[in-house]
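Taking it in order: structure first as structure tokens, then the write-up.
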Amino acid sequence: MTDLVEVARHDRDPTAGPDRAGRPPSSCRVTGRQVALRRGAGALIVLLPLTWALQRALPQGGDIVNRGGVPLIGDLLGKAWSPRLDGEFLEVVVDAAVTTLAFAALGTAGALVIGLLGGLVLSDVAWARRPPWPVRTVRTGLRGALVAIRSIHELVWALLLVSVLGLDPLVAVLAIALPFGAQTAQVFGDTFDALPTRALRALRDAGAPAAPAVAFALLPPAGPLMLSYAFYRFECAVRSTVLLGAVGVGGLGQELVVSLSSRNWDEVWTLVAAVIVLSAVVDAWSGRLRTDMAVASCSEWSAGDAGGAAGTGGRRPGSRWARWSAIAAAPGLVVAWFASGVSLSGLTSERTRMLAGRLLDDLVPPALPRGGAGEVTAAVLDTLAMAVLAMAIAVLITLVVSPWAVAVRRGTGPPGGLAMRSLRWISWLVARIVLLVLRSVPPTVWAVIALLALFPGVLPGALALGVYTGGVLGRLVAESWESVSPAPREALVRTGVPGAVATVAAVVPASAQQLVTFTLYRFEICVRETAVVGIVGAAGLGRLLAENLNFFRFPVVMTLLIASFAVSVASEVASRRLRRAIRA
Amino acid sequence: MTRTIATSTSITRLATSRRGLFVGASGLVLLAACGNDDSSPSGAGGDTASNAGPLPISAIPDQDPEVLNRLYGDVAARFAEATGLEVTYTPVTEYPAVVRGFEVGDLAIAWMGGLTGVQAAQRVAGATAFAQRNIDAEFTSLFIATRKSGLSPFDDVDGLSRLAGHSLTFGSETSTSGRLMPQYFMDQAGLSIDDLKGQPGFSGSHDATIEAVASGSFEVGAVNEQVYTATVDAGEVDLSDVVVLFRTPPYYDYHWLARPDVDEVYGAGTLDKVKDLLFGLDPSVPDDAAILDLFGAESFVPTENSNYDQIRDVAEELDLLA
């Protein structure tokens, strides 16, 4: 497990990899044959899992498409043009949106607290010298715990917490704070380690105690980065809070579930529109913050490159936007606290202690489901197949939409008149909106739609997850393409190479590498997110988990949690190894 | 009985199509049924004062959530009046949530299905089933089908084997009349889930099952007979393409379940007051009739835990208990 995190850390920090620094520039040594071999291996890595996943999703002789349900999809999509907009319902929507925002804000705040504390313990730089052995032991344990905590999806956390806390708003906050906090600790730890340490060392050498030294020398330079990451997390938290509605903890998500189960599609579309607007506003805000502070783009965060950006962090610490965002955060949280009616009393109550004890008692020792180990294996394979197919769909969406979603650089736009440029601008806007809609409609809604036309199984889950992930991946890739340097292409064009050829030669390879990196990265997340579509009835570990939770078979639930953990860690290791191989 | 159901569900069905209509309809019901009774009864009692806060009740979401909100809103008002306590109805979105809420004590009294009641009683020692509707001792499920399936009605359980090769949707995964008993009778007829076309669906509620079959999304559906009859009488869903294939033999189903500590937490005599209210509902009194209508019942009668032994045995047989 520690090894895994080490891998992750090297992978994270592009400047620190010794293999990278130590190796001569690889282009000198690679022969044509090696390139061909690598390409062959790459093709196999893509094609084999895809073929296998398709075979698993389309069983021989089994029925997949439910023809009866297809006309319903037309009906419900038609309702999108007449959403419910009367005052009474809009009031419900606004209330729910406020609740969602409040939960997301508090969850993010909790995640940041966990992340800051965890990050300090994990980072090497916070410890003046080699930390003493008790700290090292604690660190190893903590790393393992953090990996375990984030391998469980928010929605599953919520389902477990409901058994302990009941229908307490705290469930939503904790379900966000725990897995997000574990992720944040990892990122913050890496961020600290990537910072210049001179100031901290000077303070420590001068005899300053550890805590003030860290507070004065480490936190300020990390500040802009942490603020921008906080808002990035907040973006994610808004979407996750909507998903948590399935558990019944309130907000837009719960309203969505109520309207979905009443099949009131006019209401569903109003709520979906609210989710889209909320996401758009928060995305825009946090995007503005990142551009202003020039710390890291969303895509860099996601790929874990932020540590590398830390060196340049705070280039414009005077950004008014950032300052106001930071200032607004504290009162915002207070408002969120009161608006959501969260109280910590649930944590310490006698009942919680009793129920937590009971849940733990129920969970161990783990037991196999009725179908035995075979059922778990089948669910694991279904989960993987679903994730692979979802990624295939997501990549397809990215390839079609993302090229249009790349912002046109000033001065390097396509030649041509105003009409050409405004056409390009409109296509950019449309592509961005398409991606926003795809990722803002919760995968549960996509799954409910997919389950109308397809029998429950791997395929509807993959479809729902793929469409959603397409929205996320498309945006990440588009943003990263924006940073692909135009210089090589321009150089080629100046030497007389035709534009199209120059693009293929100079832009495509770099862009392709970014696409591959993000695809692998999202694959890890996708594996975890299969839980979401499983819970609404698709297939895989999530489906089995929901079924066993419905029947209160906690020992089986424990087995499935362990299985999810193993799958999630395995896919993470695999994806990181591959990403490293590609970078090398 | 049919007529009373018709009245209640025609309102119900209207309610589901548009909330605007729902407001109008529920307004009528309030006027007709509850009269001036919507003032908050919190703390009005006095003699049973307790510091445990309002009495929380809920119900399995076996029908459209909006229907249930209205139904249990009215029920909560009557409970409050009877107990002198403030009563809150907590809507939930899935069957197991009611069992969980009951287990952790977030719900003191809940309207359970046969299987959810058994689950809850298994997780809360001493939980008592204390009331059921007159129809619940001989409850039945229907297998319904779309005409396009080419299936025709049959009278014998063995006829269920004809469903092989057709697509089927249940209601909620832990529904008694929408899943447990239908699957049990399918089992009796030698029809396994694997014999169906595709995986069986779990629509989530009886209304959703009826809609799925009426629209042809699934060929066959297993549904609670009372809800189906109410839907037919309401005439709001186009059922012209739906045939009733088979009515299952009767079994015990829905009931009110109370936590063992209700009197302790909410004041001595609380449970008895609720029982008195339910058993005393008189169809000839308009206010009472309104509640009974909403439940599709003529009266509430006592029940006891042992009535659900059959459900427990069946659930065990089908491996559907913890």
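No lab work stands behind these numbers, since they all come straight from the coordinates. Every value quoted in this text rests on a predicted model; they were computed, and no experiment measured them. Positions of Cβ are generated from backbone atoms using ideal geometry, with glycine treated the same way; all protein chains shown enter the neighbour counts.
Observations on the model:
- Cα pair distances in the stretch A:460-556, grouped into 5 Å bins until the bin that holds the longest one, percent each: 2, 12, 16, 13, 11, 10, 9, 7, 6, 5, 3, 2, 1, 1, 0
- Largest-first ellipsoid semi-axes for the stretch A:193-260, taking √(5λ) over the Cα gyration tensor eigenvalues, angstrom: 44, 11, 7
- Farthest toward positive dipole pole in the stretch A:372-584 [+1 Lys/Arg, -1 Asp/Glu at C-beta], among A:ALA390, A:LEU452, A:VAL533: A:ALA390
- Ordered by the number of other Cβ atoms lying within 10 Å of each residue's own Cβ, fewest first, A:ARG198, A:ARG56 fall into the sequence A:ARG198, A:ARG56.
- Relative intensity, log₁₀ I(q)/I(0), of the stretch B:140-247 from a Debye sum that treats every alpha carbon as a point, q = 0.15, 0.18, 0.21 Å⁻¹: -0.51, -0.75, -1.07
- The base-10 log of I(q)/I(0) for the stretch A:85-360, evaluated at q = 0.13 Å⁻¹, reads -0.92 [Debye formula, identical scatterers on Cα atoms, solvent excluded].
- Helices of chain A meeting both criteria, an alpha-carbon length of 30 angstrom or more along the long axis and an average Kyte-Doolittle score not below -0.5, with helices taken as full DSSP H segments, are A:32-57, A:87-122, A:169-194, A:219-244, A:265-293, A:372-405, A:418-440, A:458-482, A:508-535, A:554-583.
- Theoretical FRET efficiency, 1/(1+(r/R0)^6), r = Cβ-Cβ of B:SER192 and B:LYS148, R0 22 Å, to 0.05: 0.40
- Sequence of A:ARG320, B:ARG259 once ranked by neighbouring C-beta atoms within 10 Å, starting from the fewest: A:ARG320, B:ARG259
- Cross-link partners for B:LYS148 among the aspartates and glutamates, with Cα-Cα distance under 12 Å and sequence neighbours closer than 8 places in the same chain left out: B:GLU219, B:ASP241.
- Potential lengthening of the chain between A:ARG580 and A:ARG39 amounts to 193.2 nm, from the contour at 0.36 nm per residue minus the alpha-carbon distance.
- Helix-only mean residue ellipticity at 222 nm for chain A, each DSSP H run of n ≥ 4 adding -39500 (n - 2.57), per residue, nearest 500: -25500 deg cm²/dmol
- Packing-based exposure ordering (other Cβ within 10 Å, fewest first) of A:ASP292, B:ASP287: B:ASP287, A:ASP292
- A Cα-only calculation for the stretch B:91-209 places Rg and Dmax at 16.3, 49 Å.
- Altogether, the Stokes-Einstein calculation at 4 °C and 1.567 mPa s, with the Kirkwood radius of the stretch A:372-584 over Cα pairs as Rh, returns a diffusion coefficient of 69 µm²/s.
- Environment charge at B:ALA125 (Cβ cut-off 15 Å; Lys +1, Arg +1, Asp -1, Glu -1): -1
- Relative intensity of chain A on a log10 scale, I(q)/I(0) at q = 0.06, 0.10, 0.11 Å⁻¹, equals -0.32, -0.93, -1.14, per a Debye sum over C-alpha point scatterers of equal strength in the absence of solvent.
- Only Lys, Arg (+1) and Asp, Glu (-1) charged, at Cβ; the protein assembly as shown dipole about Cα centre in debye: 6780 debye
- Nitroxide proxy distance, nm - points 7 Å out along Cα→Cβ at A:ARG67 and A:ARG288: 5.3 nm
- For A:TRP425 and A:GLU375, the difference between the fully extended length at 0.36 nm per residue and the C-alpha to C-alpha distance is 12.9 nm.
- Cα pair distances in the stretch A:473-515, grouped into 10 Å bins until the bin that holds the longest one, percent each: 31, 48, 19, 2
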